[in-house]
Each structure stands twice: as structure tokens, then as C-alpha cells.
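What follows is one structure encoded as C-alpha cells, with my remarks underneath.
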Amino acid sequence: MRRNLITAVLYTVVTTVLFGLVYPFVVTGLAQVLFHDKANGQLIYKNGELVGSRIIGQSFMAPQYFHSRPSLAGNGYDAANSGGSNLGPTNKKLVDRVAGDVATLQIDHPGVAVPIDLVTSSGSGLDPHITPAGAEFQVARVARERHLSEDAVQRLVLQHTEGRQLGFLGEPRVNVLLLNMDLDEMAPPK
Amino acid sequence: MTANGWFQIFFFFALVMVCAKPLGLYMARVFEHERTRADVIFRPIERLIYRLTGIEETHEMAWTEYAVVMLLFSLVTLLATYAVERLQQLLPLNPQHLGAVAPDLALNTAASFTTNTNWQSYVPETTMSYLTQMLTLAYHNFFSAAAGMALAVALIRGISRRESKTLGNFWVDTTRASLWVLLPGCLIYSMLLISQGVVQNLRPYDQAKLVQSQTATVTGADGKTVTQTITTQSIAQGPVASQEAIKMLGTNGGGFFNANSAHPFENPTPLSNLMQMFSIFVIPAGLTVTLGRMTRAPKHGWAVFAAMAALFLVGVFVAYYAEAQSNPLLHSVDQRASLTQAGGNMEGKEVRFGVVNSALFATVTTDASCGAVNSTHDSFMPLGGLVPMVNIMLGEVIFGGVGAGLYGMLIFVVLAVFIAGLMVGRTPEYLGKKIESYDVKMAMLYVLIFPLSILGFSAVALMMPNLGLSSLANTGPHGLSEILYAYTSATGNNGSAFAGLNANTHWYNLSLTAAMLIGRFLMIVPMLAIAGSLAKKKLVPPSLGTFPVHTPLFTVLLVGVVVIVGALTFFPALSLGPVLEHLMMHAGKSF
């Protein structure tokens with residue numbers, strides 16, 4: 001028993017060095033050399049200033065921007081506090097929240113059914129995407145607010161629409177942050 | 001449900017099936033100490049480990065010694081993890097200057113990772129330093145998995161050896177599992193994940209200036225709500241990919257971030273998502289081939305595989321069907337699938353995965369004892385949330401955890417041949433070994449400890465409004481589901497959650513710790529007892545009365561035993577949770 005206990009302690013120490021230190025440091029080293037941008041979070045700099053990550057969503061609520069999905073991460077899109085609502089499908093809080101968001105969105109689009117992703121929160125609270133349907137729904141509002149033609153905005157949305165990966169994996173999607181940044185380039189906000 | 005959705009599901013499963021055989025045969029060679037191409041690299045490291053730790057490679061252990069050594073190793077690593085968590089503020093690699101983890105939470109987490117559960121009562125971004133995650137949590141991801149594989153191999157040896165007192169050497173089996181299988185797998189896999197955008201760095205959290213500043217209403221300390229303008233986004237970083245790889249390959253499931261595999265830095269693309277689901281299933285599926293190889297009954301291995309595959313397909317069908325439905329309580333929203341959206345129940349799901357990859361992931365992660373999530377199970381439709389819960393309640397034998405799934409399923413095999421023996425009135429045999437009263441008693445112990453812990457703890461929690469019910473995020477039948485899921489997940493060593501439940505309280509931290517330890521160790525001991533008992537037996541030549549264990553009839557019987565044991569035990573509780581919620585939802589009732 002005593003011998004086995006000593007072996008257990010020694011084994012824990014030796015394997016911790018190999019698997020708990022050497023392994024992650026080797027992977028970190030390789031990653032920093034081979035995939036420098038991706039390993040550091042695909043950060044976007046504008047005029048030398050960090051403005052976000054290409055794969056982490058941000059909150060957009062102003063009418064001249066495409067809106068992101070509702071977020072329950074911290075105060076919304078808090079990338080140091082990820083998480084979802086965890087509300088069940090029969091929870092009154094969920095039903096009421098969705099009804100409230102639908103009412104707000106329908107001010108601009110009376111009577112049009114709202115694509116489901118625009119009124120549901122993601123599991124991470126950091127979802128960088130909306131569906132093409134969710135973008136389509138907002139084109140008219142953004143065009144009007146920016147004094148752009150709907151066609152021009154539509155084209156920009158199409159440019160930012162990613163299809164399924166390898167043609168069949170996942171779902172089609174639009175990256176909201178990148179779309180909005182390009183929108184700002186095209187027609188700078190006043 | 002769409003054709004593309006089904007194609008994605010079948011593509012995933014075909015990939016698992018294709019890779020199961022080569023991997024399974026490779027693992028059989030590793031555990032039988034045959035030569036492999038990887039020996040050049042790993043044999044010297046293996047020898048060095050034995051030399052430094054004084055392990056005698058040729059020493060063979062009886063089942064009792066095997067069990068004692070496994071328990072000692074688990075105890076030592078559990079205490080080491082507890083110590084690092086409590087002292088992390090004094091240790092390096094803590095760029096966010098996170099403080100010591102509270103004692104009950106530290107204990108819960110140490111037990112959780114030691115038992116391969118990876119239940120998380122904490123928000124990692126604000127609780128665990130980079131060092132704690134690398135040195136202890138990811139370490140457990142390797143060694144709780146390697147220990148699981150060692151235990152499964154010990155049981156296989158018990159079946160295949162004759163008149164033998166021993167089952168192998170725990171240290172050697174664990175070392176070979178981690179060096180030959182997990183480590184090379186993780187090195188390649190973590191690089192693939194990084195190529196998709198999983199981060200791997202030691203930077204402090206980045207501060208980004210938001211493109212559009214946001215306003216948020218915050219409740220201050222005095223209870224008043226104030227409107228705040230937020231202009232920056234703090235972006236959590238870390239050595240994620242190295243941990244993500246073993247988190248999935250070792251069916252651990254503990255997220256580097258709170259949102260787990262829903263977080264874009266843990267699971268950025270549909271391809272990384274496919275890799276993650278594949279890596280949950282591939283070792284457990286391969287182990288069925290290892291079983292066939294090491295017992296010289298390859299067809300038996302495939303018959304077990306078939307039983308697992310059948311149960312998997314039923315689960316994924318129900319989950320996908322349920323999640324693709326519209327929630328009847330939401331109005332003026334478009335929930336139908338079309339060319340421009342996947343539709344269905346999108347609360348708690350990511351757009352890049354949609355309902356099909358979320359339902360598939362939830363099924364896979366609970367068939368196995370992984371517990372990683374790429375969507376919040378708590379927000380699933382009632383029947384969609386039923387599937388993960390039932391998968392765990394069936395004992396996580398549908399491929400199951402690495403090692404744990406196989407030995408769990410083999411317990412059901414023992415019961416199945418016993419029942420077949422009763423039906424024809426002959427002494428049951430399993431691959432030439434007589435199954436006798438001692439073996440069946442141990443198998444029943446294994447089967448009964450599980451629901452006793454789940455239902456017992458759930459009942460106690462439900463009776464205590466201040467300790468049990470006050471943590472609920474949802475009320476009505478969904479509240480019952482939240483508590484039931486917690487103890488099911490803990491006892492089953494799964495680690496996924498109906499995460500609305502606030503489990504970071506003294507009651508839940510401690511009671512879930514107990515459930516996790518019971519679910520791992522109290523079940524391993526009877527399992528090893530069976531292995532020891534089988535190893536001692538003589539080989540009986542097959543006769544006309546022998547029930548063959550490689551036929552479709554056997555597969556059907558095995559599925560039947562798994563389902564009947566699970567259904568009889570848990571149906572009453574489930575009918576008051578998810579089933580009732582489903583009926584109420586369609587009656588238009590919210591809570």
C-alpha cells in the first residue's frame with residue numbers, strides 16, 4: 001500500500017510535467033509559428049487600434065447597423081463572460097422576451113414574421129452570425145437609414161454570406177461585425 | 001428536418017464507422033504489447049516514466065490490486081488539483097490575477113475532473129487561471145480517460161484469459177493509453193482545431209474598442225438600475241486548443257470557456273464541429289473492435305457496435321425531429337426551414353451550427369460520457385432535452401466514455417446472456433465463461449447503484465425549497481428536469497447540464513461531488529470484481545445450448561436489456577419532467 005502510494009505520487013508528478021506543461025507549451029509554440037493570426041483570435045485592428053475579433057460577435061442596436069442576435073453574455077456580447085439564457089421553451093420569461101423583441105422589430109416591418117434567429121439568444125452569447133434571412137429582413141431599414149439603395153446593401157449582404165463549409169457542413173450565415181464594418185466604409189456614419 | 005441535415009448526420013456516422021476498425025486494431029496491439037510504428041518515439045518515454053516512478057513493467061495485478069492502485073492514483077490527482085486551485089493566485093500564468101477558488105467549488109471541480117465528469121459549477125473565464133486549466137484540468141482530461149481505457153482493457157482481459165489470477169498492470173495500461181493513443185491524437189488534432197480558428201496563446205485578455213458602443217441597464221449595489229455606456233469588449237484568450245483536443249478525444253467535456261463548444265474560440269466552424277463530434281465517438285467505437293480482437297471474437301465486437309449504433313440513431317432522430325419543430329408559444333416569428341435559414345428552435349443555438357448540428361452534438365455528447373455542449377440543452381424543446389437525459393440514464397453505453405462506455409455495455413452483455421440463459425433454462429455462458437451467481441450479483445450492483453444515486457439525490461433536492469429549489473432558473477415541469485438532469489449528469493460522469501440551475505452553492509457543490517464519486521468509483525469496483533471472477537474461470541467449449549453473442553438476435557436482446565433497465569427505472573420521473581412539459585407546451589401553457 002505504502003509503495004503504491006509513493007508510486008502514485010511520483011507518477012502524478014512525472015506525468016504532470018509531460019502532459020500538463022510540455023504538451024501545451026509545444027502546441028502553443030507550434031500554433032504561434034504556424035497559425036499566428038488564428039491562434040491569437042483573428043483580431044481586427046483599425047488605424048492601429050484593436051476593434052474586435054473576426055469570430056466574436058458584438059452588440060449592434062442602432063438603426064443604421066445590422067443588428068446582432070440578442071445576447072445573454074454578461075451585459076451582452078461580453079467575451080470574458082460567455083453564456084446563454086438557459087430559458088426553457090415553456091418559460092414565460094422567454095415567451096415575453098421574444099414577444100417584446102418581435103414588437104420592436106415589427107415597428108419597421110409591420111406584419112412581417114421575424115426570422116427566429118433575430119429574437120433568440122445564442123448559447124455562447126457571442127454568436128458572430130445571423131442567418132441570411134435575418135440579414136434580408138433588415139436590408140430595407142439599413143438602406144433607408146444610410147441613404148443607400150436597397151440593391152447596394154443587398155449586394156453587400158450577399159458578399160458577406162458564407163455558404164455551408166465544404167458545400168454541406170453547417171448552415172449559411174452572415175458575419176454581422178464584418179458586414180457592419182464594410183457598411184461603415186461604404187457610407188460612413190454621420 | 002431537411003435532406004442536407006440527414007446527410008450531415010450520416011456523413012458523420014460513416015466517418016466514425018470507417019475509422020473504428022483501424023483504430024480499434026491499433027489499440028489492441030498497444031494493449032497487448034505488440035510492436036507498432038509509434039514504438040520508436042514512445043517506448044523510450046515509457047521506459048523513462050517507469051524508471052523515474054519505480055514501476056515494474058512486468059508485474060501483474062489481481063483485480064483487487066488493480067482497483068486499489070486506480071483509487072490511490074485518483075485520490076492523489078484529486079488532492080493535487082484541489083491544491084493548485086486553492087493556490088492559483090500565488091502561481092504563475094495567471095494574467096487576469098484570478099483569486100483562489102472557493103473551497104467547496106474547488107472540491108467539486110477536482111472531483112469532477114478526476115471522475116471524467118467535467119461538471120462545471122463555475123465560469124472558467126473569471127475563475128480558473130491558465131495554469132490551473134493546463135496543469136490540472138487538462139491533465140485530468142488525459143488521465144481520467146487513460147484510466148478508463150485501462151479499466152476497459154482489464155475487463156476485456158478478464159473475459160479472454162483463462163484460469164488466471166491477474167488482469168494486467170494499471171500503470172502500464174494507463175501509460176500506454178495516454179502515450180500511444182491520446183497524446184499523438186491530441187497533437188495532430190489540436191493543430192487541426194487551430195487551423196479552424198481555435199485559439200492557443202498565453203496572452204492576457206484583449207481589450208477591443210467596440211465599433212458601436214452599447215448601452216446596458218445595470219442594477220447597482222444599492223438596488224437602483226442605472227444605464228451604462230459600454231465602449232470596450234474584453235476578449236478572453238488562453239491555451240484553448242491543446243485542452244480542447246483532449247477534452248473531446250478523452251470524452252471529458254469540460255469547456256475552457258463557460259459556453260463550452262458553443263464559444264467561437266472553442267468551436268469556430270462547422271468543420272471544427274464535425275471534428276469534435278467525431279473525436280468524441282472514435283475511441284469508444286474503436287474499443288468495440290479492440291474487444292473483438294482481444295477476445296478472438298471479432299463478430300462479437302461488431303454485434304456490440306451494432307447495438308450502440310441502433311440506440312444512437314433512434315436518439316438522434318428524436319432530438320433532430322424535436323428541435324426542428326416550431327415552438328408553439330412564440331408568435332409572429334418565422335421558424336420554418338428555408339433556403340435562407342435553418343429554422344426550428346434557435347434559443348441557445350449558434351447560427352453556424354443550426355438545429356441539426358446542435359441536436360446531433362447533444363446526442364453524441366450524452367451517448368458518450370463527454371458532456372461538451374455546442375448549444376444549451378436547457379433551452380431545447382421538451383423532447384429534444386429528453387434525449388440527452390435518457391442517453392445518460394441508459395448508462396452512457398451508446399459508445400459511451402472512453403473505456404467507461406465499453407465496460408458499462410459489457411455489464412449489460414453479462415445481464416443479457418444471463419436473461420437468455422434463464423429463457424432457455426441453461427447456465428448462461430459468455431465467450432466460453434460460465435456466468436454464475438457472483439457475476440450476476442456484481443452486475444446488478446453496478447446497475448442499481450446508478451439510479452439509486454440519481455433518484456435519491458434528486459428526491460432530496462426537490463424536498464428542500466431553500467437548498468434545492470432556490471437554484472432553479474425555470475419553473476414547472478422544466479424545473480424538475482433541471483434537477484434530475486444535474487444528478488443524472490453527475491452520477492453518469494457526463495458533465496453536461498441544464499445549465500440554468502445555479503449549481504455553485506454549498507448544497508449542489510457537495511451533493512454533486514458525492515454523486516460524481518459514487519458514479520465513478522462505486523461502479524468501477526463491482527466491474528473489476530466481475531473481471532477478476534471471469535479471469536479465474538475455465539473455458540467451457542460451446543454446445544448447442546450456448547447463446548451465440550455475435551448474431552443480430554443477440555444485438556436485439558442487448559438493446560432490449562439496456563432500454564428496459566433504463567425505462568423501468570426512470571420512466572416515472574421523466575413523465576413528470578420533459579414528457580409533461582411537452583404536453584403542456586402543446587396545450588399553450590407557459591410557466
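If the condition is being part of a loop (DSSP other than H, G, I, E, B) and within 23 Å of A:ASP117 (Cα to Cα), then segment B:373-422 contributes B:VAL373, B:ASN374, B:SER375, B:THR376, B:PHE380, B:MET381.
Scanning segment A:61-86 for residues that are touching a helix residue (DSSP H, G or I) at 6+ places or on another chain (Cβ under 8 Å), crowded, with 22+ Cβ neighbours inside 10 Å and facing chain B (nearest Cβ under 7 Å) yields A:TYR65, A:SER82, A:GLY84, A:SER85, A:ASN86. Applying the set (1) in contact (Cβ under 8 Å) with a residue 12 or more places away in the chain; (2) crowded, with 24+ Cβ neighbours inside 10 Å; (3) closer than 20 Å to B:ASN357 by Cβ; (4) of a type outside the set (Val, Ile, Thr) to A:GLY170 leaves exactly one unmet item: (1). Quick one: is B:THR225 of a type in the set (Ser, Thr, Tyr) and crowded, with 24+ Cβ neighbours inside 10 Å? Here the answer is no, as B:THR225 does not meet what is asked. Pairs only if they're at least six apart or on different chains, beta carbon under 6 angstrom, first in segment B:323-344 and within 7 Å of chain A (Cβ to nearest Cβ), second of a type in the set (D, E, K, R); list them, first residue then second. Close Cβ pairs satisfying both conditions: B:ALA342/A:GLU171; B:GLY343/B:ARG336. Filtered by the rule that a residue be more than 22 Å from B:HIS263 (Cα to Cα) and not in a loop (DSSP other than H, G, I, E, B), segment A:44-68 gives A:LYS46, A:GLU49.
Against the condition assigned by TED's automatic domain parsing to the domain that holds B:MET393, touching a strand residue (DSSP E or B) at 6+ places or on another chain (Cβ under 6 Å) and in a helix (DSSP H, G or I), how does B:ALA531 come out, does it pass? Here the answer is yes, as B:ALA531 does meet what is asked. Inside segment B:60-105, residues that are out of contact with any Ser or Thr (no Cβ under 9 Å at 6 or more places or on another chain) and of a type in the set (S, T, N, Q) make up a count of 1. Any chance you could count how many residues in segment B:109-145 are in a helix (DSSP H, G or I), under 17 Å from the mean Cα position of the chain (by Cα) and among the polar types (S, T, N, Q)? Number of matching residues: 5.
Among residues that are within 24 Å of B:PHE257 (Cα to Cα) and surrounded by fewer than 15 Cβ atoms within 10 Å (Cβ to Cβ), A:VAL27 is not included. For A:ARG173, are the conditions met, namely being away from chain B (no Cβ under 12 Å) and at pLDDT 95 or above? Here the answer is no, as A:ARG173 does not meet what is asked. Of all residues in segment B:49-68, those that are within 22 Å of B:PHE521 (Cβ to Cβ) have Cβ atoms under 6 Å from Cβ atoms of residues that are of a type in the set (Lys, Arg), 6 or more apart or on another chain, in B:ALA62/B:LYS165.
From the list A:ILE44, A:ILE56, A:ILE107, A:ILE116, the lone residue that is surrounded by fewer than 24 Cβ atoms within 10 Å (Cβ to Cβ) and within 9 Å of chain B (Cβ to nearest Cβ) is A:ILE44.
Within segment B:458-493, the residues that satisfy the criterion of being farther than 19 Å from B:THR376 by Cβ and either within 11 Å of chain A (Cβ to nearest Cβ) or hydrophobic (A, V, I, L, M, F, W, C) (or both) are B:ALA459, B:VAL460, B:ALA461, B:LEU462, B:MET463, B:MET464, B:LEU467, B:LEU469. Scanning segment B:575-591 for residues that are in a helix (DSSP H, G or I) and surrounded by fewer than 21 Cβ atoms within 10 Å (Cβ to Cβ) returns B:SER575, B:LEU576, B:VAL579, B:LEU580, B:HIS582, B:LEU583, B:MET584, B:HIS586. Tell me, which residue of segment B:54-103 that is surrounded by 15 or more Cβ atoms within 10 Å (Cβ to Cβ), among the hydrophobic types (A, V, I, L, M, F, W, C) and more than 12 Å from chain A (Cβ to nearest Cβ) is farthest from the chain's Cα centre (by Cα)? Ranking the qualifying residues of segment B:54-103, first place goes to B:ALA62. In segment A:6-40, which residues are under 22 Å from B:GLU46 (Cβ atoms) and of a type in the set (A, V, I, L, M)? Answer for segment A:6-40, where residues must be under 22 Å from B:GLU46 (Cβ atoms) and of a type in the set (A, V, I, L, M): A:ILE6, A:ALA8, A:VAL9, A:LEU10, A:VAL13, A:VAL14, A:VAL17, A:LEU18, A:LEU21, A:VAL22, A:VAL26, A:VAL27. Can you confirm whether B:ASN509 is of a type in the set (S, T, N, Q), touching a residue at least 24 places away in the same chain (Cβ under 8 Å) and outside any helix (DSSP H, G or I)? Judged against the criteria, B:ASN509 is not a match. Just one residue in the set B:TYR130, B:TYR122 is buried (at least 22 other Cβ atoms within 10 Å of the Cβ) and either in contact (Cβ under 8 Å) with a residue 40 or more places away in the chain or assigned by TED's automatic domain parsing to the domain that holds B:LEU52 (or both); that residue is B:TYR130. Being outside any helix (DSSP H, G or I) and in contact (Cβ under 8 Å) with a residue 12 or more places away in the chain is the requirement here; does A:GLY134 meet it? Taking the combined requirement at face value, the residue does not satisfy it. Confirm whether B:LEU183 is outside any strand (DSSP E or B), within 11 Å of chain A (Cβ to nearest Cβ), under 25 Å from the mean Cα position of the chain (by Cα) and not hydroxyl-bearing (Ser, Thr, Tyr). Against the criterion (outside any strand (DSSP E or B), within 11 Å of chain A (Cβ to nearest Cβ), under 25 Å from the mean Cα position of the chain (by Cα) and not hydroxyl-bearing (Ser, Thr, Tyr)), B:LEU183 qualifies.
The values are calculated or read from the model by the stated rules, or taken from the named source; none is laboratory data. All values reported here derive from a predicted model rather than from experimental measurement. Note that each Cβ is placed from the backbone with ideal geometry, even for glycine, and that neighbours are counted across all protein chains shown.
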